[in-house]
Every structure is written in structure tokens, then in C-alpha cells.
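As C-alpha cells, the structure follows; a few thoughts come after it.
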Ligand SMILES: Nc1ncnc2c1ncn2[C@@H]1O[C@H](COP(=O)(O)OP(=O)(O)OP(=O)(O)O)[C@@H](O)[C@H]1O
Ligand SMILES: [Mg+2]
């Protein structure tokens, strides 16, 4: 469903962030990008989001070249990025302007309930904690029911309990509508709980180092020996990259 | 007046426009503190004037100033003066703020327009606005047009700068959110740029209004037979300081009232702001 062909990215200031990245995502697949800070993970997501053009190579969605933001692609940024002048409800409904008001309302209420913020529907962003704001941002992306959802460290601001429950919500939603998910994280367990494949990036500019296809059955239990074994393998893959 | 926007808040009769953090959080028990000094000074002034320590032909008592205003109101003489001054400020403000908003939006949003127009406008801004007076009188005559235009010039620059810098400082990250949800062009302007620019816009409007009040005085002093500025000159010509002080007081009250109106509107529209001093004085 998503094809990255020999992607390279050089910024106007000369910094080369990515070098020759090729990656294919199947529809409904969950792929996690891991790698050291600054190796170009966010940049890769921005290219797929259509916020920036690649310098070389091409990005295609279902065979169509992707050159601008696409309605079927949702993004959850590293920060909440809520509109400070809109209530929580209006922020969540931000991408629904084309729908009838009643449908907007119904969808927004449902997704707010899902992220546990029904009581804050009329609050302003300044009245939210960091974790709550990030959950609103997650709701805003989910409510449009994207076919491809890009997530840039979406849960890093959440406490472990909220984080675990957000993982479950995300997997629930995924089980419902089977969106394709491309997720950046620094949290190896998060990668293992969620993904079908873990893609390791390394270096400056960032290159593909290895791809690990997880054969763990779902739902995954963090305490199972297989899970722990995979955790070690991913950590090894990251360590190779740090050592290199 | 050359560096008009920097100096404007200090000179403006309406008082400083920078948000004062003390306003909202403080309960009613706190406010009289700020009133102590003015009241004490007024009382002292009144007493000294009554005792004849202050020469009445130079500094009449505060009560004398108030009775002068009451007298002007009773005879009906006051209302045309008020009306003309308010009308000039309203017209000049509307004209200057309208142009400032339009051009500021153009230069803020379109880099090409900024490169084309901004150098010229910044150049014009460096001319002390009162230096235009003789030219305006020559071109537009001594009557209303030149006055309104002068006020409009004063209002224009702070509003223009407020809009332009406001738009340029809109958070790129929020703009990206708009783009991700398919917004572009006018929809992006309406749903992201406009609300994000409002705080800077209101600062510009209030600075502009302050300059508008300053320039109406200049315009009315340079020749008018109606208006509060005329009362100033009239008081000077006829040696009645109470009339001058009455006019000054009315300018202060009007400036304050119109500024509060703008501030109120701003508070309504900007209640979402998350800043240290969200309050407007
Ligand atoms: N707009 C930009 N202009 C110039 N250089 C940039 C820009 N954005 C990112 N970079 C550079 O590209 C490289 C990759 O940045 P990126 O944000 O993609 O890293 P990351 O892998 O997401 O890091 P982190 O894990 O810390 O979020 C960095 O060296 C960064 O300095
Ligand atoms: Mg990043």
C-alpha cells in the first residue's frame, strides 16, 4: 500500500538526513521505525505525510505518487500541536469539516470516549496536561479513519499505564478497521507490543540497517519468554548500530 | 514619533498597551492600592488651590475643572466638540486600520509582496508622521479630509506591523497540522492563520488607536473650530486653564473608554490564550 523507493533527503542547509531508503508496507501492516536520535525517523515520516518532498527517489501510496498531504494519511506528531483557540472537541473535529455536523459530533464523541477525555470535550488546550493533550492529538488523527496512520513517538509523553492502555486502544482500532500503521518509537517494548515488523535505521545520513519480522502471536504478553527473546534481538540490532 | 510603535504605548493617552499581569488574578480587595496616590494628589491639589497657594489663573482646582465640564454639558456646547473629535478618530481609525490590515496581510502572507512593499512602507514609517501636516493641508485643505488622513497615517503603521509580524510568527507546526488535514489557500488562512494572528492584531489595533488619539489632538490644534483640540487652543487663547484641563481630562476619558472597548473585544476573542499576562488593562 505504501512504497518508498530509494528515498534520499537533503535539506536546504546541506544536511543529508536520509540515504537510499526503500521500504514497502502491506495494507493493514504495523511497522515500527527505531534508531538513534537524529538518524532521520521524523524526516522519513514527514516525507510520507507529504509535508516535504524527497530529494531523490519516490513515495507512492497505492501506486499513486505522493507529493502533497493525502486525505487517507493521518499524522500524529511528536508534540500534540493542538490549536490553542479551539476546544478539545473542535480540535478533534478539525479534519472533519466536510462531514455533516451530526456525524462530526457522533464521531468526535466516540473517539473522545475511547481516549478517556469525554469530560474534557469543552476544555481548552491550555487546561490539559501534556499527556491529555497528546491523547487529544491521537483522537484528532483517529477520528478521520485514515487508511495509513503515521505516528511519531506518539506515546512518549504518557505515563506507563496510560501508554499501555493507548497501545490497547490502538490495537483495538487496528483490529476494527485495519489501517496501516507506520510508527516511530524509542521504546523497544512498544515496538514489540505493536508491530509486525521492526525497521532499524542507523547512521548519519540515516540508512536501513535491518528489518526484523516478528512472528509473535497477538495479543502479546510482555512477560512471555518469546517476547523477552525478541526484545533482546531488537536491542542487539540497535547496539550493533551504536557500536558501528 | 519616528519609532512610533515603540513609543506609542507610552505616549498614548489611553495608557500602556502591554498586558499587565496584575489585572485579573487580583481580587477586589487589592485594587484600591493603585488609587491611593492619585486620590491623595487630587485632594492635595484641591486643598492648595482653595487656600490660594496655587494661582487660579494657572492651575485651577480639580473641582473647578469638573464644573467647567458640567457647564459645557449643560449649555450643550460640549456635545458638538465631543462628536467631531470622536467622528474624526472613528473615521481615521477605520481608514488606517483597514489599510493596515489589508497591506499587513498581503506582506505577511506573501513573501513576494513583502519584498515588494515592505521596504517602501518601512521607509515611510521612519518619517515622523507630524511632518506630513503641512503637505496634507496643502493637498487636502484645512478641513476634515486632512485631519482624518493624518489620523489614519498614525493608525496605519502599528496595525500594519501588528498584522504582518503576527502572520509571520504563526507557528509552523500548527500550519503543518492544517496542511495534513488538506487545508490550503483561503481555508488555511481562515482556520489557522486568522485565529493565530489575532493576538498580535489586537496589540496593533490598540497601539494604533492610541496613536489615533494623539494625532487627533495634533490635527485639531493645527486648525479647527470644533473638537476637544479646539477647546485646548480656545482655553489657551482666552486664558482659561480650566477649559484646557477639562479638554485634557475628556481626552483621557475618551481614550481610555475606546481602548477598554477594544480590550474587552480582545478578551472575548482571545480567551483561549495561555500566556502569563493574558489580561488586557
Ligand atoms: N528542516 C530541517 N532543516 C535542516 N536539517 C534538518 C531539518 N529537519 C531535520 N534536520 C536534520 O535531519 C536529521 C534527522 O532529523 P530527524 O528529526 O528526522 O531525526 P529523528 O530520527 O526523528 O530524531 P529523534 O529521535 O531525536 O526525534 C538531523 O540531523 C536534523 O538535524
Ligand atoms: Mg523525531
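Taken together, the values in this text are just the output of simple stated rules run on the coordinates, not laboratory data. Model, not experiment: these values are computed from the prediction. For neighbour counting, all protein chains shown are included, and Cβ atoms are generated from backbone atoms with ideal geometry for every residue, glycine included.
Using only the Cα atoms, work out Rg/Rh for the protein assembly as shown, with Rh taken as the Kirkwood radius, to two decimals. List each step's numbers first, then the result.
Values: Rg = 31.6 Å, Rh = 27.7 Å.
Looking at the protein assembly as shown, the ratio lands at 1.14.
Specify the angular offset, from 0 to 90 degrees and rounded to the nearest 10, of the alpha carbon long axis of helix B:241-269 from the longest principal axis of the alpha carbons in chain B.
30
Add -39500 (n - 2.57) for each DSSP H run of 4 or more in the protein assembly as shown, then divide by its residues: what number comes out at 222 nm, to the nearest 500 deg cm²/dmol?
For the protein assembly as shown, the value works out to -18000 deg cm²/dmol.
I need the peptides A:196-203, B:269-276 ranked by packing, meaning the mean over residues of other C-beta atoms within 10 angstrom, with the highest value on top.
Ranked by mean Cβ neighbours within 10 Å, highest first: A:196-203, B:269-276.
Averaged over peptide B:171-180, how many Cβ atoms belonging to another chain are found within 10 Å of each residue's Cβ? Write out the running numbers ahead of the final one.
Details: counts 3, 0, 5, 4, 2, 8, 12, 4, 6, 19.
Going residue by residue through B:171-180 and averaging, the value is 6.
For chain B, which semi-axes, largest first and in whole Å, follow from the square roots of 5 times the eigenvalues of its Cα gyration tensor?
39, 25, 14
Using alpha-carbon pairs under 8 Å, 6+ residues apart, how would you state the relative contact order of the range A:156-244 in percent?
Reported as a whole number, the value is 23 percent.
Could you list log10 I(q)/I(0) for the range A:135-216 at q = 0.19, 0.20, 0.25 Å⁻¹, which the Debye formula gives when each Cα is one point scatterer?
Treating every Cα as an identical point scatterer, log10 I(q)/I(0) equals -0.91, -1.00, -1.40.
Expressed in nm², what is the orientationally averaged projection area of the convex hull enclosing the Cα positions of the range A:1-154?
10.0
Shielding of A:97-105 by partners, i.e. mean partner chain Cβ atoms within 10 Å per residue?
Mean shielding by partner chains, rounded to a whole number: 1.
Based on the mean of other beta carbon atoms within 10 Å per residue, what is the order of A:59-72, A:146-159, A:122-135, most packed first?
Per-residue Cβ counts within 10 Å, averaged per peptide and sorted highest first, yield A:146-159, A:122-135, A:59-72.
Output the antiparallel fraction of DSSP beta bridges having both residues in chain A, as a percent to the nearest 5.
So the antiparallel bridges in chain A amount to around 50 percent.
Starting from the Cα gyration tensor of the range B:213-277, multiply each eigenvalue by 5, take the square root, and state the resulting semi-axes largest first in whole Å. Don't jump to the answer; show the numbers that get you there.
On the way: eigenvalues 237, 26, 13 Å².
The three semi-axes for the range B:213-277 are 34, 11, 8 Å.
Give me the percent relative contact order of chain B, please, defined on Cα pairs under 8 angstrom at least 6 residues apart.
So the answer I get is 30 percent.
Listing B:127, A:138, B:221 from the residue with the fewest other Cβ atoms within 10 Å to the one with the most, what is the order?
B:127, B:221, A:138
Considering only the protein assembly as shown, what is the antiparallel percent among its DSSP beta bridges, to the nearest 5?
Values: 19 of 37 bridges.
For the protein assembly as shown, the DSSP antiparallel bridge percentage is about 50.
Please report, for the Cα atoms of the range A:83-145, the Rg to one decimal and the Dmax as a whole number; what are they, in angstrom?
10.4, 31
Any idea what % of Cα-Cα pairs in the range A:37-79 are farther than 15 Å?
Of all Cα-Cα pairs in the range A:37-79, 40 percent lie more than 15 Å apart.
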